[in-house]
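The values are calculated or read from the model by the stated rules, or taken from the named source; none is laboratory data. Computed from a prediction, not measured in an experiment: that's the story for all the values here. Here the Cβ is made from the backbone with ideal geometry for all residues, glycine too, and neighbour counts use every protein chain on show.
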Amino acid sequence: MKVVIFDMDGTLLDSKKDITISINHTRKINHKLPPLSEEFVVDAINMHDRNLAKLFYNSDIYLSEDKALFEEHYAVQCVQNSYLYGGVKEVLHRLVECSVKISVATNAPTEFAVRMLSHLGVYELFDIVIGSDRVKAIKPDPEMLNTILKFYGFNKNSHKAWMIGDNSKDMLSAKNAGIAPIFVTWGFSSNGVGGVTLKNPKEILEIVL
């Protein structure tokens, strides 16, 4: 058995415009703060050690009213501008055709992941989608990945598994779960450290198949 676990934002799809719009909506309504750029938001998200509440809302902790307003707005916004990276859909279909098990581990709430992947026509290809609300600890903790591997009955002695993502948290989660990390450069970050670095989604097939 072969298992490929994908990160979502910055790996399967580009969501930075909608994320930024919803963050700026929350900044304006709750804090009267000026808008942030997409580049700033993406860089902040990809930082290994950061306080997003401070960076996005100038507060020391993530306030419940900010979380509520962001999620209310993003529930509608998340499917307005998001799109799959070129070649991703074809690669997913090819993996499924070749009996590779594919799933998603994202630090976004599962509700948003399901909505976005469904909107883009690929949700049904995945066996399981796990978001931040389904685990006690998000990536780089290996809980998400271990949950998915357990779902498949994964045996490290006879099966193969890869974690494909675009930031250090993805790579560390793979290391912590004992599976192979693959870093992709087409998403939110062009620089990263992984077992393998890919520049094109089709290169996934060369490794997995």
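Quick look at the values:
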| quantity | calculated |
| --- | --- |
| Flag for N30 being of a type in the set (S, T, N, Q), surrounded by 15 or more Cβ atoms within 10 Å (Cβ to Cβ) and over 22 Å from Y83 (Cβ atoms) | yes |
| Odd one out for F40 among (1) farther than 19 Å from A105 by Cα; (2) free of Cβ contacts under 8 Å to residues at least 40 places away in the same chain; (3) within 17 Å of the chain's Cα centre (by Cα) | (3) |
| Number of the exception - R115 against (1) in the same structural domain as V193 (by TED's automatic domain parsing); (2) crowded, with 21+ Cβ neighbours inside 10 Å; (3) within 16 Å of the chain's Cα centre (by Cα) | (2) |
| Residue check for K202: over 15 Å from D7 (Cα atoms) and in contact with a helix residue (DSSP H, G or I) (Cβ under 8 Å, 6 or more places away or on another chain) | yes |
| Matching residues, the range 139-154, being touching a residue at least 24 places away in the same chain (Cβ under 8 Å) and polar (S, T, N, Q) | N146 |
| The range 171-192, subset polar (S, T, N, Q) and without any contact (Cβ under 8 Å) to a residue 60 or more places away in the chain, residue nearest to M8 (Cα to Cα) | T185 |
| Qualifying positions in the range 156-186 - closer than 22 Å to A44 by Cβ, of a type in the set (A, V, I, L, M, F, W, C) and part of a helix (DSSP H, G or I) | M171, L172 |
| Qualifying residue in the range 126-138 (condition: part of a loop (DSSP other than H, G, I, E, B) and free of Cβ contacts under 8 Å to residues at least 12 places away in the same chain) | yes |
| Odd one out for G194 among (1) within 19 Å of A44 (Cα to Cα); (2) part of a loop (DSSP other than H, G, I, E, B) | (1) |
| Matching helices (runs of 4 or more DSSP H) fully within the range 1-107 where at least 2 residues are out of contact with any Cys (no Cβ under 8 Å at 6 or more places or on another chain) and not assigned by TED's automatic domain parsing to the domain that holds P181 | 16-26, 38-46, 52-57, 64-77 |
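Each row is one residue, and each column tells you yes or no for (1) in contact with a Phe, Trp or Tyr (Cβ under 7 Å, 6 or more places away or on another chain); (2) surrounded by 14 or more Cβ atoms within 10 Å (Cβ to Cβ).
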{"residue": "T20", "(1), (2)": "no, yes"}
{"residue": "V42", "(1), (2)": "yes, yes"}
{"residue": "Y62", "(1), (2)": "no, yes"}
{"residue": "Y83", "(1), (2)": "no, no"}
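Let's see how each residue does on (1) modelled with pLDDT under 95; (2) within 15 Å of I102 (Cβ to Cβ); (3) over 12 Å from the mean Cα position of the chain (by Cα); (4) surrounded by fewer than 22 Cβ atoms within 10 Å (Cβ to Cβ):
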| position | (1), (2), (3), (4) |
| --- | --- |
| R134 | no, no, yes, yes |
| N146 | no, no, yes, yes |
| L149 | no, yes, yes, no |
| N155 | no, no, yes, yes |
| G165 | no, yes, no, no |
| I179 | no, yes, yes, no |
